[in-house]
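**Q** Could you have a look at this structure, given as structure tokens, before my questions?
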Amino acid sequence: MGTLGNPALVLNADFRPLSYYPLSLWSWQDAIKAVFLERVSIIENYDKEVHSPSLTIKIPSVIALKDYITLWRSPAFTRFNVFLRDNFSCQYCHGKFLANELTFDHLIPKCIGGKTTWTNVVSACTSCNVKKGRRLLKYANMNLEKFPVKPNSERLQQNGRNFPPNYLHESWRDYLYWDIELEN
Ligand SMILES: [Zn+2]
């Protein structure tokens, strides 16, 4: 059994996932370690077992933290979080892209003093970024979908729910996506 197989879905003490995108998953080794340290409760198991000389334990598929973790009120200003705020879409042409196809665009270009901040940076596809160049929008003849804001954690969590993971164990379903139709 590899390190990456049989991950555990990690829930906060309120039984909501710690994060949706990327989905909060721990390796089975970390999950079992946390069980023995009594930091988590086992909610559901895989059928698979691991053995040590003294005991046999089923691999947990869903675990919940015993102590509630307050999620940060201010999300980190990272590439990933900017793309997540913008739902992985170019804010100029509205196209959907993968993270590695998106770039940052500074509304007020850096060369005239624009800062790299939540409110001056938007996700843009390469061609829109090139088209806009080092100009203000009004000189580039382009429109912005909406002015960027600093998101809170709840907003990013909500956006993350739009991106179901590739792999879903059946035991995770009860804890995810009430409002999204799941495909197996
Ligand atoms: Zn674009």
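**Q** From the P(r) of region 58-165, could you give the percentage of C-alpha pairs in the tail past 17 Å?
**A** Details: 3366 of 5778 pairs.
I get 58 percent for the Cα pairs in region 58-165 exceeding 17 Å.
**Q** Quick one: order Thr70, Thr103, Thr116 by neighbouring beta-carbon count within 10 Å, fewest to most. Walk me through the intermediate numbers first.
**A** Working: Thr70 7, Thr103 18, Thr116 11.
Ranking Thr70, Thr103, Thr116 by Cβ neighbours within 10 Å, fewest first, gives Thr70, Thr116, Thr103.
**Q** Now for a different question. What is the gain in length, in nm to one decimal, between Ala140 and Lys115 on full extension, counting 0.36 nm per residue of separation less the C-alpha to C-alpha distance? Could the numbers behind the result be given before it?
**A** Values: separation 25, 0.36 × 25 = 9.00 nm, distance 1.92 nm.
Length difference between fully extended and current span is 7.1 nm.
**Q** What does the C-alpha gyration tensor say about the overall shape of region 1-135? Classify as rounded when a/c is under 1.5, otherwise prolate if a/b is larger than b/c, or oblate.
**A** The shape class here is prolate.
**Q** For region 2-43, compute the orientation-averaged projected area of the C-alpha convex hull (one quarter of its surface), in nm².
**A** 3.0
**Q** Give, rounded to the nearest 20 debye, the magnitude of the charge dipole that the chain has about its Cα centre when Lys and Arg contribute +1 at Cβ and Asp and Glu contribute -1 at Cβ.
**A** That gives a dipole near 1320 debye.
Values quoted throughout were computed directly from the atomic coordinates according to the rules given, and no laboratory measurement underlies them. The model shown is predicted, which means the values in this text are computed figures rather than measured ones. Don't worry about glycine lacking a Cβ; one is built from the backbone with ideal geometry, like all the others, and counts go over all protein chains shown.
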